[in-house]
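Here the structure comes first, spelled out in structure tokens, and everything after it is commentary.
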Amino acid sequence: MNFEQLDTYLRSKQGVTFDYPFDEKVRVYRIADKMFALTSEEKPVSVNLKCDPIYALELRSLYEGIIAGYHMNKKHWNTVTVEDSDVDDETVKELIDHSYELVYEKLTKKQKALLG
């Protein structure tokens, strides 16, 4: 998966916006102002994704391309290398969906209603 494919899938999720709060390179994807993913176009392309803590440990033991979240809370975030990695595209999409759902579940009823 390259950056364009990753970006397209991240933006396809309902209510997703993105911005650059840290610098001009790191793109943060949000639902209702809550971060669920961040990435950049730097090679190799990777994405930080929120993850259930126990599942995060399991994933790190199964894939070389998944490590504890770089510059993130290591318990709740993974860094997933998506380009030239042992993590296939379908797994990347599943992990994006998982991250999105974890954040979506924590939104208030009002925030969920605004998303549609």
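The values are calculated or read from the model by the stated rules, or taken from the named source; none is laboratory data. All values derive from a computational prediction rather than experimental measurement. No Cβ is skipped: glycine too gets one built from the backbone with ideal geometry, and neighbour counts run over all protein chains shown. Accessible surface areas use protein heavy atoms only, side chains included; no ligands, DNA or RNA. Shrake-Rupley method; radii C 1.70, N 1.55, O 1.52, S 1.80 Å.
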- Largest first, how would S40, S12 line up by accessible area (1.4 Å probe)? S12, S40
- Task: List the residues of segment 35-63 whose backbone N lies under 17 Å from a point placed 7 Å from the Cα of E24 along the Cα-to-Cβ direction.
- Result: 40-42
- Return the long-range amide H neighbours of A37 (sequence gap of 5 or more, or a different chain), with a cut-off of under 5 Å between placed amide H atoms. Y29
- With the Cα gyration tensor of segment 1-46 giving a ≥ b ≥ c as the square roots of its eigenvalues, does the rule (a/c under 1.5 for rounded; else a/b larger than b/c for prolate; else oblate) give rounded, prolate or oblate? oblate
- Query: If you place +1 on the Cβ of every Lys and Arg, -1 on the Cβ of every Asp and Glu, and leave all else neutral, what size is the dipole of the chain about its Cα centre, to the nearest 20 Debye?
  - Reply: 840 debye
- Message: As a test of the formula, what do you get for the chain when each DSSP H run with n ≥ 4 contributes -39,500 (n - 2.57) and the sum is divided by the residue count, at 222 nm and rounded to the nearest 500 deg cm²/dmol?
- Response: -11500 deg cm²/dmol
- Starting from the amide H of A68, placed 1.01 Å from N in the peptide plane, find each other amide H under 5 Å away whose residue is 5 or more places distant or on another chain. T79
- With θ set to phi - 60°, apply the Karplus curve 6.51 cos²θ - 1.76 cosθ + 1.60 along segment 54-71 and write out the HN-Hα couplings as whole Hz, x wherever there is a Gly or Pro. 6, 5, 4, 5, 4, 4, 5, 7, 8, 10, 5, x, 10, 10, 4, x, 5, 6
- Message: Can you compute 3J(HN,Hα) from phi for each residue in segment 22-32, using the Karplus curve 6.51 cos²θ - 1.76 cosθ + 1.60 with θ = phi - 60°, rounded to whole Hz and x for Gly and Pro?
- Response: 9, 6, 7, 9, 8, 9, 10, 9, 9, 10, 6
- Please list V16, V45 in order of solvent-accessible area, largest first, computed with a 1.4 Å probe with all protein chains present. V16, V45
- FRET E, pair K34, A113, Förster distance 22 Å, beta-carbon r, rounded to 0.05: 0.90
- Among [x] 30; [y] 20; [z] 52, which one is percent of Cα pairs over 24 Å apart computed from these coordinates? [y]
- Note on the structure: Along segment 8-20, Karplus-curve 3J(HN,Hα) (6.51, -1.76, 1.60; θ = phi - 60°) to the nearest Hz, with x for Gly and Pro, reads 4, 5, 4, 6, 6, 6, 4, x, 7, 10, 9, 8, 10
